[in-house]
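To start, the structure under review is shown below, and the notes come after it.
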Amino acid sequence: MAQYLPVECRANSPYARKMDAYFRPMSLPEALDLMARHRPQPLAGGTDLYPWITGAEVWGPRPALNWLDMSGIAALRGVSATRIGALATWTEVAEAALPPAFRALQQAARQVGGRQVQNRGTVLGNLCNASPAADGVPPLLLLDAEVELASAAGTRRIALSQFILHNRRTARTPEEIAVALHIPAQPDVESRFEKLGARKQLVISIAMAAGLARWDGKRIAQARVAIGACSPVARRLHGLEAALLGATRDEAAQIIARLPLPELSPIADVRGSAAYRAAAARDVVARAVLA
Amino acid sequence: MNAMPPPPIALTVNGQTHALPLPPATRLSAALRDTLGLTGTKIGCDAGDCGACTVLLDGAQVCACMVPVAQAAGAQVTTVEGLAGTRWGQALAASFLHHGAAQCGICTPGMVMAAAELLARDATPDEAAVEAALGGVLCRCTGYRKITDAVLDAHRFLDTPPAPESGAVGARIPRLDGPAKLDGSERYGADAAPADALWLRPIRSPHAHARFTLPDIPQFLAANPGVEAVLTARDVPGRNGFGIYPHIKDQPVFAEHTVLYRGDCVAALVGTRDAVLRAEFPVAWVPLPALDVTAARADGAPLLHAHLPGNILTTGRVVSGTAAPAAHTARIAVQTSFVEHAYIEPEAGYAQRIGDVVEVFASTQAPYMDREEVAGVLGIPEDRVRIIPSACGGGFGGKLDVAVQPMLAVAAWLLNKPVRTIYARPESMLSSTKRHPASITAEAGCDAQGRLTHIHFDGDYDTGAYASWGPTVAGRVPVHASGPYRVPQVAAVARAVHTHNPPSGAFRGFGVPQAAIAQEALWDQLADAAGLDRLEFRVLNALRAGDTTATGQRVEHSVGLLACLEALRPHWQALRARAAAENARGGALRHGVGVACMWYGIGNTGMSNPSTMRLELTPDGALTFFNGAVDIGQGSTTVLHQIAAEALGLPVVVFAHVNGDTFLTPDAGKTSASRQTFVSGRAAFEAGRALRADILRRANAGDDAALSLEAGVLRVNGASLHLHETLRAEGRFDPPTVPLDENGQGIPYATYGFAAQIAALAVDTRLGTIKLYRIVAAHDVGRAINPTLLEGQIHGGIAQGIGLALMEEYIPGRTENLHDYLIPSMGDVPPIDTILIEDPEPLGPCGAKGVGEPALVATAPAIYSAIRDATGAVITRVPALPHRVLEALRRG
Ligand SMILES: Cc1cc2nc3c(=O)[nH]c(=O)nc-3n(C[C@@H](O)[C@@H](O)[C@H](O)COP(=O)(O)OP(=O)(O)OC[C@H]3O[C@@H](n4cnc5c(N)ncnc54)[C@H](O)[C@@H]3O)c2cc1C
Ligand code: FES
Ligand code: FES
């Protein structure tokens, strides 16, 4: 039986006007049933949800929130070379034995917040939260990951590149849970993650890129590149990947420096100007692909 | 959904299981603190950003503020209180104390919990492992280096209790108030309140400038049971205004009709915590145009305060000398940003009324000034206000202004019930004072040999909506605008300009760090023009004992700048050689080394700022130090004990301590302007000497007699001395100054701190990022009373200087949390070499003067000097965020 716990925003009080509900189902079917009936907010590690609450309470009470705590659902656990479960934390991903193409994801995992955040925050939560600066997205775009979404009506799979639609918007319907990521077979090539920020730890990316290159002698035989924080949604740069085929290291550097990148639409914010992002983007890409 | 009581949650904390009837989404931190009373777990942000709330969940570190208590059920939770009893807990505590790794101590529980996770799997980690494990906890005081050392070293303290220390002047004794910071028992503003205290929630303006109408209050109260009162301007029994200066009480407790900055307070709800936090209080706002500095200074600009033409609060001026012909000149225009103090402890406290006395327990740097403000707003005499400072989780100038105190006092006074409040991080950031943003233009020259001829300095300092410490900044800046150098002609003007921005107040350096950025950049340009090495240029022009400053003051003693520069010279040469070698290899990384000097007048500018310290020795041998100087982490409690002990001739361990309670301790003045070691230190020295003289007279002993006090027995030269009455000795010191005239002539300070710092770094010329390799800091401190604590101050000041230089920019509405407002994290502070120069100050206690602010001033200019050395880029927009570094590079 799911625990059904009516609660208030902060604590018990006879004056409660706004009520939160908190569900903690122990199986996926129960969870999907609750999702269908109450459309609660899924809760994994809480590292986005709790800071959101703090922000929402600055000027007064926040709106009510129904929570669906997924932490009791064993089926959502696990990390392997083909599947990352919804409850897999950054630490679990960083410490797992994974093929070399996962290196960028593992490097990103160790740069998301501090250990406290890595021990709790999940990779899927990072995707579902859909921040333009989400560090998990470029490494997973590189892997052509697919998101498995489940609802009481059934499951579907959708490419990560189709899943995140815009800043803070995904293709997930309010009844769905993202249950896992599925990853196809990968080239036996080490990938790399480059993150640009204004301080060493606990920093949100100004721009970040994931890249890999398979070399055939002195020439690139296969390249993959993805970049984040330079457009509302992180993007694979397929045009650049194609242009890099057959390039030597020096040629590749020139191509990365010059090729038009229509995928990018960097904005100015407190972390950097738009022009800076546009220039820095090429540099982090070069470092991710060619380093 | 029907309300039914949630089943209790079984939470196991430090080995004990509790059944807690809490809503499952309750933050674990709230459950620990509010329900179980385990207040050792600190709250700095409730958003994962500061790590102060770090606890172990089944051995893994997590932020308790982001864990729903439901998810902690069934796990083992370990807090600092639990860790304190373990082998590693004790080793960490001993190592932290030995290394001076806890200053204010508010981050310390989080640091040791993160360290405990690491040490459990690796007893002898390397530095990279420490950084990875502790990087999620922010510290605003220490600059992290000593924390890293303490963790690396912790294994050496396993099963070894610390040896007792005598604490003579010059000894590296651990801070006396340290143990409570390590085991979680220290009580900060949020950690104590009467059980029945009501909760106060301020209602603030989201607009920079607006007219407003409050809702109908009786109707609101009727609709919101549990809210007992809504306090507004009409309810303030005394004067509805506070402010630092006796004649400028311009900041209202509750604004009337119009708000002047985003964060201005218009009312407060008082009642049960749930009721006040959940109530919707609909204020009708009519936003009005908001002025920045340019708009505020424009002809015909509307006035923020009707009596201040041109929106100019104060103008400070120093004009002296006549210009000598200059062979080279340089000019610069610099724009700096608001800087947030970002103490990890948000403002918090409680007030209660006891008969006709009101008691306020809160985090503060200035209990006696708080007393004046509270008495003013209540309209009662000061002797009916008792300020009890909590432990202070960081101040840096920001807790010199009152925050929670006036409203809590008004509420407790009117309702006759205890009332508490704790600001959330965003509220702390948007309501509190900031470092002034400065728009500076400066021009200077030197002769063909490189000797300075003049400096002309003009600065507009954005003082925000209310005066706060604006006049202090405008007064201090011109005095310091020429730096610690011989400059024949000085013309320096600084204006504090009112705008609809947050009030700018006191922040480590009172405007001087901003000025130093401009002035030191000019020196680099002039040194190049004159063909001199940048360090030798400063040696050539350094102020020396016997020189006369721009204010006409002859500085006779303790002018240790030259010694600082000479101590730096070998480091300078070695680091320059290393940078040259690195650069010879080519590539996108360009290495550079920079140098900058500073001076800083200790104490108030041309104004009396006395301190009184008292010692009492009872017939049964109880020796008590009544010390009104609040220790905000900088270590004054320890240092003042060391001084008093030295003067008295007894070890520090025999002293009992009463600190900062305005009913018990004499007025020591505020903890600011780097004055406590110098001013209160001298007072403590005098108190110690007076008590010693009294004892020796009674024992009929000579000046060199040896005292001891053990088991309540006082001995003089081994013979016990029985006292028939309590001995009381007071020491008082007010540094001699002469107020400045209209040209800034006078003796603004009795003594100055001097320093020179080197920064060595690499600039990534493609991304504009900066990698600091090393800071070398030479500081003339007069006398090092406690070198460990001094180094801690210097490290912490440097870390804040790094933040000022490279990342900190408070933008109202945009960087109001510790996610978007960046302060240096552990990996941002490079290794620091500290060189203490002791050029004694005859007025100071045992020759000592202050260091709290001097630590910060030279760092940003040294970093910019190094960036220019590496790349030629002159930074004129502060902070030097990566995109600004690249823009400066393109400008060349
Ligand atoms: C101090 C700090 C620093 C950080 N630094 C970084 C950083 O450098 N880079 C970075 O990318 N991120 C950073 N983050 C954010 C990062 O921690 C989160 O994005 C995290 O990965 C989200 O996972 P979670 O399990 O904590 O999500 P939660 O907070 O539990 O949920 C996040 C959102 O996703 C939804 N959700 C979660 N899981 C699912 C699911 N399976 N199905 C459907 N919806 C779901 C939730 O409803 C919620 O809207 C930081 C956070 C903090 C507090
Ligand atoms: S209080 Fe939890 S991280 Fe700041
Ligand atoms: S000692 Fe770390 S914040 Fe004060």
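The values are calculated or read from the model by the stated rules, or taken from the named source; none is laboratory data. Quick caveat, the model's predicted, so the values are computed rather than measured. Note that each Cβ is placed from the backbone with ideal geometry, even for glycine, and that neighbours are counted across all protein chains shown.
Some points to look at:
- Subset tally (residues that are within 13 Å of chain B (Cβ to nearest Cβ) and part of a loop (DSSP other than H, G, I, E, B)) for the range A:91-123: 6
- Residue list for the range A:263-289, restricted to those being at pLDDT 95 or above and either part of a loop (DSSP other than H, G, I, E, B) or farther than 26 Å from B:Asp820 by Cβ (or both): A:Ala286, A:Val289
- Residue, farthest from B:Thr612 (Cα to Cα), within the range B:686-709, restricted to residues that are surrounded by fewer than 12 Cβ atoms within 10 Å (Cβ to Cβ) and of a type in the set (D, E, K, R): B:Asp704
- Selection within the range B:21-68 - within 15 Å of ligand 1 (Cβ to nearest atom) and assigned to a helix (DSSP H, G or I): B:Leu28, B:Ser29, B:Ala64, B:Cys65, B:Met66
- Within the range A:237-262, being within 14 Å of chain B (Cβ to nearest Cβ) and either surrounded by fewer than 18 Cβ atoms within 10 Å (Cβ to Cβ) or not in a helix (DSSP H, G or I) (or both) holds for A:Ala253, A:Ala257.
- Residue identified as small (Gly, Ala, Ser), within 16 Å of ligand 1 (Cβ to nearest atom) and over 30 Å from B:Glu165 (Cα atoms) among B:Gly827, B:Gly872, B:Gly813, B:Gly803: B:Gly827
- Subset of the range A:124-145 that is outside any helix (DSSP H, G or I) and aliphatic (A, V, I, L, M) - its residue that is nearest to ligand 1 (Cβ to nearest atom): A:Ala134
- Residues (of a type in the set (A, V, I, L, M, F, W, C) and part of a loop (DSSP other than H, G, I, E, B)) located in the range A:51-90: A:Val58, A:Trp59, A:Ala64, A:Leu65, A:Met70, A:Ile73, A:Ala81, A:Ala86, A:Leu87, A:Ala88
- Test for A:Val189: is it surrounded by fewer than 24 Cβ atoms within 10 Å (Cβ to Cβ) and within 16 Å of ligand 2 (Cβ to nearest atom): no
- Restricting the range B:800-831 to residues that are within 21 Å of B:Ser431 (Cα to Cα) and polar (S, T, N, Q), the residue that is farthest from the other protein chains (Cβ to nearest Cβ) is B:Gln800.
- For the range B:334-366, a residue qualifies if it is on the phi < 0 side of the Ramachandran plot, in a loop (DSSP other than H, G, I, E, B) and free of Cβ contacts under 8 Å to residues at least 40 places away in the same chain, and exactly one does: B:Asp356.
- One residue alone among B:Glu359, B:Glu345 is away from chain A (no Cβ under 14 Å), over 25 Å from B:Ala515 (Cβ atoms), in contact with a Phe, Trp or Tyr (Cβ under 7 Å, 6 or more places away or on another chain) and surrounded by 20 or more Cβ atoms within 10 Å (Cβ to Cβ), and that residue is B:Glu345.
- Taking the listed residues B:Leu277, B:Leu313, B:Leu378, the one that is away from ligand 3 (no atom under 16 Å from the Cβ), within 14 Å of chain A (Cβ to nearest Cβ) and on the phi < 0 side of the Ramachandran plot is B:Leu277, with no other qualifying.
- When each of B:Glu186, B:Glu228 is tested for being within 14 Å of another protein chain (Cβ to nearest Cβ) and in contact with a strand residue (DSSP E or B) (Cβ under 7 Å, 6 or more places away or on another chain), the lone residue that passes is B:Glu228.
- Test for B:Ala123: is it away from ligand 2 (no atom under 16 Å from the Cβ), surrounded by 23 or more Cβ atoms within 10 Å (Cβ to Cβ) and more than 27 Å from B:Ala10 (Cα to Cα): no
- Annotation for the range B:149-165: at least one member residue is within 16 Å of ligand 3 (Cβ to nearest atom), closer than 30 Å to A:Gln111 by Cβ and within 23 Å of the chain's Cα centre (by Cα).
- B:Thr834 vs. criteria assigned to a strand (DSSP E or B) and either more than 9 Å from every other protein chain (Cβ to nearest Cβ) or farther than 25 Å from B:Val559 by Cα (or both): yes
- Condition check for B:Arg774: of a type outside the set (A, V, I, L, M, F, W, C), in contact (Cβ under 8 Å) with a residue 12 or more places away in the chain, closer than 24 Å to B:Leu562 by Cβ and surrounded by fewer than 24 Cβ atoms within 10 Å (Cβ to Cβ): yes
- Residue within the range B:362-372 that is within 16 Å of ligand 3 (Cβ to nearest atom) and within 14 Å of chain A (Cβ to nearest Cβ) present: no
- Subset tally (residues that are within 28 Å of A:Pro132 (Cα to Cα), in contact (Cβ under 8 Å) with a residue 40 or more places away in the chain, facing another protein chain (nearest Cβ under 7 Å) and not hydrophobic (A, V, I, L, M, F, W, C)) for the range A:18-67: 3
- Unmet requirement for A:Arg120, which otherwise passes all of (1) within 16 Å of ligand 2 (Cβ to nearest atom); (2) over 13 Å from the mean Cα position of the chain (by Cα); (3) without any contact (Cβ under 8 Å) to a residue 60 or more places away in the chain: (3)
- Subset of the range B:25-44 that is within 12 Å of chain A (Cβ to nearest Cβ) and in contact with a Ser or Thr (Cβ under 7 Å, 6 or more places away or on another chain) - its residue that is nearest to ligand 2 (Cβ to nearest atom): B:Ile43
- Qualifying position, being more than 16 Å from ligand 1 (Cβ to nearest atom) and surrounded by 24 or more Cβ atoms within 10 Å (Cβ to Cβ), among B:Leu92, B:Leu97: B:Leu92
- Summed over the range B:46-57, residues that are of a type outside the set (S, T, N, Q) and at the interface with chain A (Cβ under 7 Å from one of its Cβ atoms) total 5.
- Lone qualifier among B:Leu134, B:Leu118 - being away from ligand 2 (no atom under 16 Å from the Cβ) and within 14 Å of chain A (Cβ to nearest Cβ): B:Leu118
- Screening A:Leu87 on (1) surrounded by fewer than 20 Cβ atoms within 10 Å (Cβ to Cβ); (2) under 28 Å from A:Thr173 (Cβ atoms); (3) in contact (Cβ under 8 Å) with a residue 24 or more places away in the chain; (4) not basic (Lys, Arg) shows it passes everything except condition (1).
- Hey, B:Val137 modelled with pLDDT of 95 or more, within 16 Å of ligand 1 (Cβ to nearest atom) and over 24 Å from B:His341 (Cα atoms) or not: no
- Within the range A:263-281, considering residues that are buried (at least 22 other Cβ atoms within 10 Å of the Cβ) and within 9 Å of another protein chain (Cβ to nearest Cβ), the one nearest to A:Gly217 (Cα to Cα): A:Ala280
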